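Visitor: My questions will all concern the structure given below.
We did not get these values from a lab; they are worked out from the coordinates using the rules stated. Remember, predicted model here, so these are calculated numbers, not experimental data. Cβ placement follows ideal geometry from the backbone for every residue including glycine, while neighbour counts extend to all protein chains displayed.
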Amino acid sequence: METRTLRCILTGLGNIGRSFLAMLPARAAYLRERYGLALRFVAVADSSGCIACEQGLDPIAIVACKRDKRGVVELAGGDIRITEMTAAAQRLPADLLLEATPTDIRAGQPGLDLIRAALQRGVHVVMASKGALVVAFDELARMSDWSGDRRAPRLRFSGAVAGALPSVNIGWRDLAGGEIRSIEAVLNGTTQVMLTLMSEGKDYAAALAEAQRIGIAEPDPTLDVEGWDAANKLLILSNAVLRQPTRLSDIAVEGITRVTPDDIQRARRNGGNLILLAKAERGADGRYDLSVRPTSVPADHPLARLGMQEAGIVYQSDIFGRTTAFSLEDGPTGTAAAMLRDILSIAPEIAA
Ligand SMILES: NC(=O)c1ccc[n+]([C@@H]2O[C@H](COP(=O)([O-])OP(=O)(O)OC[C@H]3O[C@@H](n4cnc5c(N)ncnc54)[C@H](OP(=O)(O)O)[C@@H]3O)[C@@H](O)[C@H]2O)c1
């Protein structure tokens, strides 16, 4: 099979960007033989700056540099030059932008400007970050193939909504032709871990401390425990899968900060469970009612079975019935893998 090389710009070299690069060397032969595909990194960026090399940067050297907690600009020299990240997205010869900078749900930056710059000149985009989708889904959809224009650059973000869980792909691709009646999902890892710990007898503060100790909860857990992270993901599902233009203010959001161990015991008594449920339900007027709130689900509900570090989604549709997916993820690999699956899904279209 002939090998097509995609020239990639990767922005963000934290947990996700690093995991993504680290998984590639062992897969290079598989990607070449099975998909006729090779990835060349023509620019990468972290908070220290951006480096570029038309001949391609070495993923192993970048991972080693980040593992040593150094800024990537320290790799500059010889063929490798320092450039500016947005300038790279605007001008560097490239096929794909891979976006994995931090999620900022107020301004969507720095991802939003990078993605705009790439889409504007026909560079395809795969995102792990959510911020740009939360603040500007409409605009980015208009600039990409989500507009319905098959010649427009591709925009994919399957890893942005609960990492490896194929939450977007099931609804958007695999239930094509059906009318989705509802989505029910557990999309936030921190709250699922905390509620599980609370079901084992810990109070809220102890559960949060434990979730922070094992590295699941952020030092500032506000976005997770108050339900905003799950709401951001529901917003993306609503815009992308349900095609209902949605802003955060359209979602009723309640987090887990007032949940007590008693609430959980009550839910568990008959085999059910208390989860932070993100829900979209189609009303008689055809619009979806959107909410995130702690919810007691009965024993026969698929999400009652979710384990401590699992995410899950249940779609109900008219002709497909009930479709359920769970994923158990340990660390950032699942999200990095979702970026790879997005690339593989669009690679044949890019080649064409
Ligand atoms: N972690 C997960 O499991 C997960 C799951 C799904 C989605 N996501 C999303 O994926 C994205 C990346 O997550 P992560 O866990 O990898 O985050 P992270 O570990 O904090 O890494 C962020 C990366 O972005 C770089 N960065 C920060 N500000 C920058 C700027 N202004 N310009 C250029 N680079 C900048 C950082 O540079 P330094 O290396 O110099 O600090 C770092 O390399 C986030 O948007 C997150 O919401 C994460």
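Visitor: Roughly how tilted is helix 189-199, in degrees to the nearest 10 and between 0 and 90, from the longest Cα axis of the chain?
Guide: Tilt of helix 189-199: around 30 degrees.
Visitor: In whole angstrom, and with the biggest value first, how far do the Cα coordinates of the range 294-352 range along each principal axis?
Guide: Here the spans come out as 48, 35, 15 Å, largest first.
Visitor: Let me ask something else about it. For the chain, just the Cα atoms, rotate onto the principal axes and tell me the three extents in Å, largest first.
Guide: Taking the Cα atoms of the chain, the three principal extents are 65, 45, 38 Å.
Visitor: Using a Förster distance of 41 angstrom, determine the FRET efficiency expected from the C-beta separation of E84 and R293, and round it to 0.05.
Guide: Once rounded, the FRET efficiency stands at 0.45.
Visitor: Within the chain, count lysine pairs with alpha carbon atoms under 23 angstrom apart where the residues are 8 or more positions apart or belong to different chains. Write out the running numbers ahead of the final one.
Guide: Numbers: K66/K130; K130/K233; K130/K279; K233/K279.
Final tally of qualifying lysine pairs is 4.
Visitor: Calculated FRET efficiency, E349 and D203, Cβ-Cβ r, R0 45 Å, to nearest 0.05?
Guide: Computed FRET efficiency for E349 and D203 comes out at 0.30.
Visitor: Would you kindly compute the Cα radius of gyration of the range 168-328 and its largest Cα-Cα separation (Dmax), both in Å?
Guide: Cα-based Rg and Dmax for the range 168-328 come out at 15.5, 46 Å.
Visitor: Give the span of the range 1-153's Cα atoms along each principal axis, as three whole-Å numbers ordered largest to smallest.
Guide: Computed over the range 1-153, the largest-to-smallest principal extents equal 39, 39, 25 Å.
Visitor: Identify the trypsin sites (Lys or Arg not before Pro) of the range 233-304 meeting these criteria: DSSP loop state and at most 16 other C-beta atoms within 10 Å of the C-beta.
Guide: Those that pass, being in a loop and sparsely packed, are R243, R247, R258, R269, R287.
Visitor: Summing +1 for each Lys or Arg and -1 for each Asp or Glu, what net charge is found among the other residues whose Cβ lies under 15 Å from the Cβ of E84?
Guide: So the surrounding residues net to 0.
Visitor: Bin width 10 Å, origin at 0, all Cα-Cα pairs of the range 227-321: what percent of pairs per bin?
Guide: 15, 44, 33, 8
Visitor: While we're on this one: Test of understanding: what is the full-extension gain from R247 to E74, defined as 0.36 nm times their sequence separation minus their Cα-Cα distance?
Guide: Net length gain for the segment: 58.2 nm.
Visitor: Related question: How high is the FRET efficiency from Q265 to R181, r the C-beta distance, R0 30 Å, rounded to 0.05?
Guide: It comes to 0.45.
Visitor: Further question on the same structure: Please determine, in degrees from 0 to 90 and to the nearest 10, the orientation of helix 228-237 with respect to the longest principal axis defined by the Cα atoms of the chain, where the helix direction is its Cα long axis.
Guide: The angle comes out at about 70 degrees.
Visitor: If you don't mind, another one. Please give the length that would be gained between R322 and D300 if that part of the chain were fully extended, namely 0.36 nm times their separation in residues minus their C-alpha to C-alpha distance (nm, one decimal).
Guide: Computed gain between R322 and D300 is 6.6 nm.
Visitor: Between D330 and D285, what is the label-point separation in nm under the 7 Å Cα-to-beta-carbon projection?
Guide: Going by the 7 Å Cα→Cβ label model, 4.8 nm.
Visitor: Whole Å is fine, so just give me how far the alpha carbon centre of the range 75-136 lies from that of the range 227-286.
Guide: Taking the Cα centre of the range 227-286 as reference, the centre of the range 75-136 is 30 Å away.
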